[in-house]
Amino acid sequence: MKLKKYKQLRIIITIFVSIIISLAINSHSYLLTLAAVLTGMVFMALFRHKAKIKADERDITIQEKAAKLTYAIFAPTIGIASVLLLIPTHSGLAVFSKTDFTYLESLGMIFAYITLFMISIFAISYHFLNQKFGGGRGQ
Amino acid sequence: MAVDNKLKVYRANHNLTQQDLADKVGVTRQTIIAIEANKYLPSLGLALKISRHFQVNVEDIFFYKEDNDS
């Protein structure tokens, strides 16, 4: 399978999956949405395997840099957002003590846990990759 | 100092298109374009592959270029 044909098939699958998802959401059938996404993923993987698409080193470098940039932007943003959402409810101000603002605290807590989860994943993956690439203890 | 290369010259001397060279060293044409334009520095593995393909040393193709201000 040529790269051009693979790209064409990828577009067709994307359109097909998008149509099924929009129809499934309209009919409130979330199981069908999940099935459509999974089917799309399986077909993409099959065609990719058949087309023998290899990720070349420039693509990998771009992905690494994009991931690094995403982390550098997303982690502080969501961390600061969680603090900003948690401060009003813990400030003791009467205006924020109403039940209307309780969702802010919940949202702030969710953001805080997401931030901690992300930092933990980064630390663990850094540790393992450091060992894989020759870094010893305390280096 | 910055790394420069003569990849375009070697490719032209061997009558190869960017796609031909890309296929021979197992990368995409975009990678070859980026290397020739000095927008992407290849890995040591790819640099060795390219130099082996042209049967020259790596430093014949990739070399340090002294900056004017340094």
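The values are calculated or read from the model by the stated rules, or taken from the named source; none is laboratory data. Bear in mind that the values here come from a model prediction, so they are computed numbers and not experimental data. With ideal geometry, Cβ positions are generated from the backbone for all residues, glycine too; neighbour counts draw on all protein chains shown. Calculation scope for accessible area: heavy atoms of the full protein, side chains included, ligands and nucleic acids excluded. Shrake-Rupley method; radii C 1.70, N 1.55, O 1.52, S 1.80 Å.
Apolar share of the accessible surface for the range A:3-50: 76 percent from carbon plus sulfur atoms, 1.4 Å probe. In the protein assembly as shown, Rg over Rh equals 1.12, where Rg is the alpha-carbon radius of gyration and Rh the Kirkwood radius from pairwise Cα distances. For the range A:57-132, compute Rg over Rh where Rg is the Cα radius of gyration and Rh is the Kirkwood radius from the inverse mean 1/r over Cα pairs. We get a ratio of 1.19 for the range A:57-132. Here chain B yields Rg over Rh of 0.97, to two decimals, using C-alpha coordinates and the Kirkwood radius. On association of chains A and B, roughly 600 Å² of accessible area becomes buried (total for both chains; probe 1.4 Å).
Computed from label points 7 Å out along Cα-Cβ, the spacing between A:His49 and A:Tyr71 is 3.0 nm. Expressed as a whole percent, the accessible surface of the range B:2-65 that belongs to carbon and sulfur atoms is 49, based on a 1.4 Å probe. Estimated at the nearest 10 Å², the accessible area of B:His53 is 60 Å² with a 1.4 Å probe. Annotation for A:Ile124 and B:Ala37: the two label points, set 7 Å from Cα along the Cα-Cβ direction, are 4.0 nm apart. For B:Leu16, no residue 5 or more places off, or on another chain, has a built amide H under 5 Å of its own. Accessible surface calculations at 1.4 Å, restricted to protein heavy atoms, place chain A at 79 Å² per residue.
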